[in-house]
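Here, each number is a calculation from the coordinates, and none is a lab measurement. The shown structure was predicted, so the numbers you read here are calculated from the model rather than taken from an experiment. Here Cβ is always computed from backbone atoms with ideal geometry, including for glycine, and neighbour counts include all displayed protein chains.
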Amino acid sequence: MGGKKLTVVHGAGIITVDSEERIYVNGALAIEGDQIVAVGHSSSVLAEYSSRADEIIDFEGSWILPGLINTHVHTSQQLGRGIADDVDLLTWLHDRIWPYESNMSEQDSYISTLLCGIELIHSGVTCFAEAGGQHVSGMVKAVDELGIRACLTRSTMDSGVGLPALWASESTDTCMKIQEDLFTRFNASADDRIRIWFGLRQILNATDDLLLRTKEAAAKCNTGIHMHVAEIPFENEWVMESRGVEHGTVSYLNKIGLLDHNLLAAHSVWVDASEVEMMAQARVKVSHCPAAAMRMLGFAPVAEMLSAGICVSLGTDGAPSNNRMSLVDEMYLASLINKGRVVFERGTTDPTALPAETILKMATINGAKSVLQGQSIGSLEVGKKADLIVVNPDKWTMIPLHDPISSMVYCMRTENISSVMCNGNWIMRDQKILTVDEALVMANAKNAAMKLITRAGIQLPKRGNVIY
Ligand SMILES: [Zn+2]
């Protein structure tokens with residue numbers, strides 16, 4: 001078969017997340033090169049493939065799931081973890097994040113993405129959508145080395161108040177040219193693991209010209225657009241005032257034709273019922289980031305979006321918005337938040353909202369559709385790419401295991417994820433990342449973070465009675 005490596009993994013429980021929701025209690029997968037060529041009962045897969053397999057691994061006692069997909073993460077913010085805790089949104093943005101991001105070098109971006117990637121891989125993520133950061137070339141280098149899959153986006157702004165001097169002068173032409181060049185240079189690189197998307201930071205920092213040209217360019221390149229949408233009430237008020245629409249960002253984006261199947265709208269918290277309908281009609285994808293939302297933004301109507309047919313997936317957002325870059329934690333939070341959210345409207349919780357099977361789909365197949373790769377990743381099926389995680393439930397966190405799907409959502413911790421395969425290659429085995437030197441990355445990250453915070457002049461208020 002063309003010399004491609006054939007791997008058989010067997011003896012494990014397999015949660016396929018395919019359209020028939022198949023779960024094999026004693027299952028196996030055959031993987032040839034980067035593709036899944038068989039999924040089924042261990043006995044039948046072994047009978048067909050074991051004689052010519054290059055590697056046969058017995059995962060008895062483990063569970064195998066599709067790799068998780070994080071659809072909103074700022075990899076370049078990883079060195080800024082802890083610089084913006086317990087502050088209001090404007091302080092967060094103007095005094096911490098913008099000084100931090102505008103002082104980053106390409107090397108910082110590379111180190112930050114490596115550090116973030118380590119945390120993502122440990123939490124079972126095989127693919128992520130970058131929300132828009134600086135120095136995409138640094139991210140590309142890191143993603144290539146990590147062996148993970150990513151849709152990379154440059155943070156793009158051509159207007160707005162309070163921007164750092166370095167960014168304030170970027171014209172719409174420059175914004176477009178840089179992104180088009182990035183697309184030409186890097187799209188489909190690293191064995192097609194890397195896709196380049198177009199970015200819109202948020203409507204407060206985008207002229208109509210930038211919005212419309214971004215839509216046109218993304219359509220021409222057949223790629224996606226990643227944008228923060230309807231994050232805070234102020235954003236909607238600003239849009240109503242400056243753009244003359246009756247409601248907020250989503251209504252305006254609908255009016256100018258920006259809502260489309262290739263728009264990944266992060267957060268989308270402050271939307272009304274008519275806007276949910278607009279997004280559903282246009283097949284917009286929504287990235288729900290429960291931790292970041294609860295911390296700073298509010299409660300998105302996720303249950304309503306899902307029942308309107310919107311593809312909602314999960315994201316961690318960046319380290320300064322969440323601190324934990326674990327999609328495992330987000331699965332747990334997404335279910336809890338959305339069960340509790342209706343307390344404000346109905347005076348009671350809804351324990352049936354967003355059940356475990358829905359959450360698992362959001363973290364896998366919906367994530368795949370959100371990054372426009374629903375045909376090739378997001379479930380364990382013949383013909384799809386071999387992106388998978390191996391879960392060891394034999395720890396105090398997951399014992400006893402009565403109901404596999406609920407256990408993966410409500411009990412699993414990052415520490416239960418033992419091995420990760422992306423694109424047919426093991427990138428983590430027995431909780432050791434095989435592609436990069438974790439200790440070296442962490443040492444470099446500490447050093448780079450300290451220098452960057454000093455260079456950016458970011459002062460953190462002292463807490464506690466610190467004794468040196
Ligand atoms: Zn974000």
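Here are the numbers for this structure:
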item	result
Dipole magnitude of the stretch 186-270 about its Cα centre (Cβ charges: Lys, Arg +1; Asp, Glu -1), debye to nearest 20	280 debye
Which of 421, 450, 227, 278 has the fewest Cβ neighbours within 10 Å, and the rest in rising order	450, 278, 421, 227
222 nm mean residue ellipticity, helices alone, for the chain (DSSP H n ≥ 4; -39,500 (n - 2.57); rounded to 500)	-10000 deg cm²/dmol
Of 141/215; 177/462; 141/446; 5/432; 369/451; 285/339, pairs whose Cα-Cα distance is over 31 Å	177/462; 369/451
Cα-Cα P(r), the chain, percent of pairs per 10 Å interval	4, 21, 31, 26, 13, 4, 0
Ascending count of other beta-carbon atoms within 10 Å, so fewest first, for 418, 169	169, 418
Neighbour-count ranking [beta-carbon atoms within 10 angstrom, fewest first] of 212, 120	212, 120
Segments 283-289, 241-247, 368-374, 462-468 sorted - mean Cβ within 10 Å per residue, highest first	283-289, 368-374, 241-247, 462-468
